[in-house]
Amino acid sequence: MASPHTETQSTNGTSPADEVDLAELAVLIRSGVIESRHFGWLVALGADGSVVADLGRGSTQVLPRSTTKPLQALACLLAGAELTGEDLAIAAGSHTGEDAHVEAVRRIMARAGLDESALGCPVDWPEDEPTRERLIRDGETRSRVRMNCSGKHAAMLLACVTNGWDTDTYLEPTHPLQQLVRETVERVSGEAVEYTAVDGCGAPLFSTTVEGLARSFRALVIAEEGTPERQVADAMREHPFYVGGDHHANSDSMTRIPGVLAKGGAEGVIGMAAATGEAVSMKIVDGNPRATTLLAVTVLGALGVDVSSAGSLVELPVLGGGVPVGEITLGADVQSWVDAQR
């Protein structure tokens, strides 16, 4: 894995010796031949919070990427930012840049009294293909507000304005808001941050363990109703479109499976929890996220969560000439654990 800028100038919490602790999580089969294997770390928690699966090494510190957005949104709430409903959901999400997403981001920015130039995320095209094609036809260009992290950045700016904190330096790790984010990550995950990096959107990125991610998602769904933690979980589940978008795996997971909270991140990270407290998180070390939703939903199902409505979320055909010639399926270590739960 690439070496991020960290407090100790180390790699992402791993060394070559750690690779012996990798578990086989998923396999791609093409025309009967194993073409690719995805290795990594996976942790599952039972409804009571006990560790029921630790495949690889769940104590590995990883960079959680956008999977940590619900905790960043929580920190903004704790800082007094006025965020509810769709606006809170997009603060915790990685949206696909559709027009409704842009409207929500602009609402937050208007509440902060700032224009879009204050957003610290880079300019980008929307991830939603029809929206992107329309903008190109209309002669528009990349913009910050269409970037998938603009909701998080808008919420951070609103939190700064609410507290009178400097908005020009809000992405500095030493900024009061980012220190609150770090404290929130440590408190909710139960893990000390070992590494500080820069995320793709420019925001500080605080490491945690794979187990810590699972505990974080569980903490959000089992929190008392009305608490900031539960407000984040409820907003995401009630407004899943604003967490992702049309045909987005995170949004579809929360739409199809009642009570489930889901948030993935770049480089093969995901956290998912059921309303009853079962939770799962993982990191795919090659960074490919294509099997993460399949794995998370399957693990929750093995824990007794009703995932019967998941549908295509657990069907990943491999195409050849536009027709299925294989599939992505569970790796040996996950399959062995799932079989043991029966």
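Would it be correct to say that ALA214 is small (Gly, Ala, Ser) and open to solvent by 10 Å² or more (accessible area, probe 1.4 Å)?
When the stated conditions are applied, ALA214 does not pass them.
For segment 1-14, enumerate the residues that are small (Gly, Ala, Ser) and either at pLDDT 55 or above or open to solvent by 50 Å² or more (accessible area, probe 1.4 Å) (or both).
ALA2, SER3
Please work out if GLY80 is open to solvent by less than 10 Å² (accessible area, probe 1.4 Å), touching a residue at least 60 places away in the same chain (Cβ under 8 Å) and in a loop (DSSP other than H, G, I, E, B).
no
Name the one entry in LEU74, LEU55, LEU63 that is among the aliphatic types (A, V, I, L, M), under 27 Å from GLU278 (Cβ atoms) and out of contact with any strand residue (DSSP E or B) (no Cβ under 9 Å at 6 or more places or on another chain).
LEU74
Name the residues in segment 279-318 that are in contact (Cβ under 8 Å) with a residue 12 or more places away in the chain and in contact with a Pro (Cβ under 9 Å, 6 or more places away or on another chain), would you?
Once the filter is applied, which keeps residues that are in contact (Cβ under 8 Å) with a residue 12 or more places away in the chain and in contact with a Pro (Cβ under 9 Å, 6 or more places away or on another chain), segment 279-318 yields SER281, LYS283, ASP306, SER309, VAL318.
Just need a number here: residues in segment 162-201 that are part of a loop (DSSP other than H, G, I, E, B), of a type in the set (Gly, Ala, Ser) and either in contact with a strand residue (DSSP E or B) (Cβ under 9 Å, 6 or more places away or on another chain) or over 15 Å from THR67 (Cα atoms) (or both).
The qualifying residues number 3.
From the list PRO126, PRO122, which residue is open to solvent by less than 50 Å² (accessible area, probe 1.4 Å) and either touching a strand residue (DSSP E or B) at 6+ places or on another chain (Cβ under 8 Å) or within 24 Å of VAL198 (Cα to Cα) (or both)?
That would be PRO126, the only listed residue that is open to solvent by less than 50 Å² (accessible area, probe 1.4 Å) and either touching a strand residue (DSSP E or B) at 6+ places or on another chain (Cβ under 8 Å) or within 24 Å of VAL198 (Cα to Cα) (or both).
Here are some conditions: (1) aliphatic (A, V, I, L, M); (2) within 27 Å of LEU205 (Cβ to Cβ); (3) surrounded by fewer than 22 Cβ atoms within 10 Å (Cβ to Cβ). ALA262 meets all but one. Which one does it not meet?
(3)
Could you check segment 237-273 and list, in sequence order, the residues that are under 15 Å from LEU213 (Cβ atoms) and aliphatic (A, V, I, L, M)?
LEU261, ALA262, ALA266, VAL269, ILE270, MET272, ALA273
Taking into account only those residues within segment 303-342 that are assigned to a helix (DSSP H, G or I) and over 24 Å from HIS248 (Cβ atoms), which is least open to solvent (accessible area, probe 1.4 Å)?
My answer is VAL338.
Would you please name the residue that is surrounded by the fewest Cβ atoms within 10 Å (Cβ to Cβ), looking only at residues in segment 21-77 that are within 30 Å of PRO173 (Cβ to Cβ) and of a type in the set (Lys, Arg)?
Selected residue: ARG57.
Which residue pairs have Cβ atoms under 8 Å apart, sit 6 or more places apart or on different chains, and have a first residue in segment 101-116 that is farther than 19 Å from ALA235 by Cα and without any contact (Cβ under 8 Å) to a residue 40 or more places away in the chain and a second that is open to solvent by less than 60 Å² (accessible area, probe 1.4 Å) and part of a helix (DSSP H, G or I)?
Going by the 8 Å Cβ cut-off, the qualifying pairs are ASP115/MET109; GLU116/MET109.
Is there any pair with a first residue in segment 131-143 that is open to solvent by less than 60 Å² (accessible area, probe 1.4 Å) and a second that is of a type in the set (D, E, K, R) and part of a loop (DSSP other than H, G, I, E, B) whose Cβ atoms are under 6 Å apart and which are 6 or more apart or on different chains, and what are they?
What qualifies is THR131/GLU98.
Give segment 49-85 a look and list any residue that's polar (S, T, N, Q) and under 17 Å from ALA112 (Cβ atoms), or say none.
Result: GLN72, THR84.
In segment 283-302, what residues are open to solvent by 50 Å² or more (accessible area, probe 1.4 Å) and in contact with a helix residue (DSSP H, G or I) (Cβ under 9 Å, 6 or more places away or on another chain)?
Answer for segment 283-302, where residues must be open to solvent by 50 Å² or more (accessible area, probe 1.4 Å) and in contact with a helix residue (DSSP H, G or I) (Cβ under 9 Å, 6 or more places away or on another chain): just PRO289.
The values are calculated or read from the model by the stated rules, or taken from the named source; none is laboratory data. Predicted model, so just to flag it, every value in this text is computed and none were measured. Reconstructed Cβ throughout: ideal geometry from the backbone, glycine too, with neighbour counts over all protein chains shown. Just the protein is used for accessible areas: all its heavy atoms, side chains included, with ligands, DNA and RNA removed. Shrake-Rupley method; radii C 1.70, N 1.55, O 1.52, S 1.80 Å.
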